[in-house]
Amino acid sequence: MRFALLAVAVLSAAGCRKVTQPPLVGDAAIADSADQIAFDIHYVMTDHGVKRGDMYADTMYVFSDQTRFLLRRVHGTFTTETGMPNGTFKGDRGTYDTRSQVLEGYGRVLLTSTDGKTLSSNHLKYVQAADLVSSDSAFTLRRKTEVQRGIGFDSDPNLKVFKCHRACGGEALVPLKGFDKP
């Protein structure tokens, strides 16, 4: 009998605890704290007066005395120092810091080279001064008949010089020319 009363008391006490969830932070909270909000934006990315690309976004939230941007549905084009196309970038969300000149993409991020190679990841970082694209997240790189996967990479925006960091692997179609058919 004492055991039954003790069990009922413990269960009653456990049932009295109120469990609350933390508040969700969404666009409304971001919009409230932003210095400015802009829609359908176009921003020219430069490095020491040289155009390195164009950035577009559906929505931009401006913070920190107009030096940090939060972006929604961001895409951009990269150019060489001579103005030639050097790849494109697309992401669900992004950030851009004008002081460090770093553009980051989040969500479904896609980098496309001028010759059609594509790299997809959930995070991508572009450093203008070094003209370097990198990530520490999982990625998939697709070339004509090749698929490469791994975790983390460094590359130029046009995916010409590419270095995988770890868990590197992939598949490729290899033509069997010169072999006799059975």
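The values are calculated or read from the model by the stated rules, or taken from the named source; none is laboratory data. Keep in mind that what you see is a predicted model, and the values were worked out from it rather than measured. When we count neighbours, we look across all protein chains shown, and the Cβ atoms used for this are built from the backbone with ideal geometry, even at glycine. The accessibility values were calculated without ligands, DNA or RNA, using every heavy atom of the protein model including side chains. Shrake-Rupley method; radii C 1.70, N 1.55, O 1.52, S 1.80 Å.
Within region 102-114, residues that are closer than 14 Å to ASN86 by Cβ sit with their Cβ atoms under 9 Å from residues that are open to solvent by less than 40 Å² (accessible area, probe 1.4 Å) and of a type in the set (Lys, Arg), at 6+ positions apart or across chains, in these pairs: LEU111/LYS117.
As for region 66-74, it holds at least one residue that is loosely packed, with under 15 Cβ neighbours inside 10 Å, touching a Lys or Arg at 6+ places or on another chain (Cβ under 6 Å) and farther than 30 Å from PRO175 by Cβ.
Looking at region 170-181, can you tell me whether even one residue there is at pLDDT 95 or above and surrounded by fewer than 17 Cβ atoms within 10 Å (Cβ to Cβ)? Among the residues of region 170-181, not one is at pLDDT 95 or above and surrounded by fewer than 17 Cβ atoms within 10 Å (Cβ to Cβ), which makes the answer no. The set of residues in region 121-161 being open to solvent by less than 50 Å² (accessible area, probe 1.4 Å) and outside any strand (DSSP E or B) consists of GLN128, ASP131, ASP156, PRO157, ASN158, LEU159.
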